[in-house]
Amino acid sequence: MSAPKLSAVISVHNEAHQLADCLERLKFANEIVVALDKCTDASGDIAKTFTDRIIEGSWPTEGQRRNAAIAACHGDWIFEIDADERVPDALADEIRRTIETTAFDWHEILVDNYIGQRLVRWGWGASFGKAAYPGLFRKGVKVWGDQRVHPRLEWSGRKGPMLKARLDHYVDRNISDMIRRLDNYSTARAADLRQSGDIGSLPNNVRRLFSRFIKCYVMRKGYREGGYGLLIALFAGLFPLISHLKARLEKG
């Protein structure tokens, strides 16, 4: 039997400043698929130097964009990545070994998150960063929901063991970037809430501020990261509250 084919897929919006560094690390895949979403910078020109598997469009939600990118893949297996992420050689080797030997349908990948050049390993989660994600899967088993930010996932098939090698994720350059991301994510989430017709209640979202803070800072040991861990936990708690208030008080 021939080895299974692997598609590496990425969907981008104006990522020219970092796209080449990401695509350079994807040459271990049999094909690279790039979805260009309303790009007005040089992202398209950069992508063409690495692959001819490019789709262009204008998708209203993150979920629709990701599903379109996955649908364009020809591989038996799909590795999904974002432009601010990098694949070390150890992870590339493990991905190839996994798809050739696994009896399962999807696997999670551990993530090393960086703020600037600082590795911040503890405290991530609760919609503000990721410690791991389901990035390696057989085609047809993963479908994104129709949301603008943090789309829901629907799965079929069996989950396999988590991969051991880690992905490098350059989340933010500095604290100002963290604040801007909270603002952008909460604006998109507010639009999803308004569209759903259920924006939730103020008391419930105030409660979530504290529960999510405790989850990140205490249960996920964000306290080990000093000030960065405190900020991650604070922003994770504020995210649903600010999203609710924007949905309630702004017209969008």
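Coordinate-derived values only; no laboratory data. Just so it is clear, the model here is predicted, and its values are computed rather than measured. No Cβ is skipped: glycine too gets one built from the backbone with ideal geometry, and neighbour counts run over all protein chains shown.
Annotations for the structure displayed:
- Looking across segment 144-175, just one residue is among the aliphatic types (A, V, I, L, M), surrounded by fewer than 16 Cβ atoms within 10 Å (Cβ to Cβ) and either under 15 Å from the mean Cα position of the chain (by Cα) or over 24 Å from Cys22 (Cβ atoms) (or both), and that is Leu153.
- So Leu110, is it within 26 Å of Asn174 (Cβ to Cβ), among the aliphatic types (A, V, I, L, M), in contact with a strand residue (DSSP E or B) (Cβ under 9 Å, 6 or more places away or on another chain) and without any contact (Cβ under 8 Å) to a residue 12 or more places away in the chain: no
- Residue within segment 49-63 that is under 27 Å from Pro4 (Cβ atoms), part of a loop (DSSP other than H, G, I, E, B) and among the aliphatic types (A, V, I, L, M) present: no
- Pick from segment 69-107, criterion without any contact (Cβ under 8 Å) to a residue 40 or more places away in the chain and more than 13 Å from Leu6 (Cβ to Cβ), ranking: surrounded by the fewest Cβ atoms within 10 Å (Cβ to Cβ): Thr101
- Only a single criterion out of (1) over 19 Å from Asp84 (Cβ atoms); (2) buried (at least 19 other Cβ atoms within 10 Å of the Cβ) is not satisfied by Tyr228, namely (1).
- Looking only at segment 177-193, and only at residues there that are basic (Lys, Arg) and in contact with an Asp or Glu (Cβ under 9 Å, 6 or more places away or on another chain), the one that is farthest from Arg152 (Cα to Cα): Arg180
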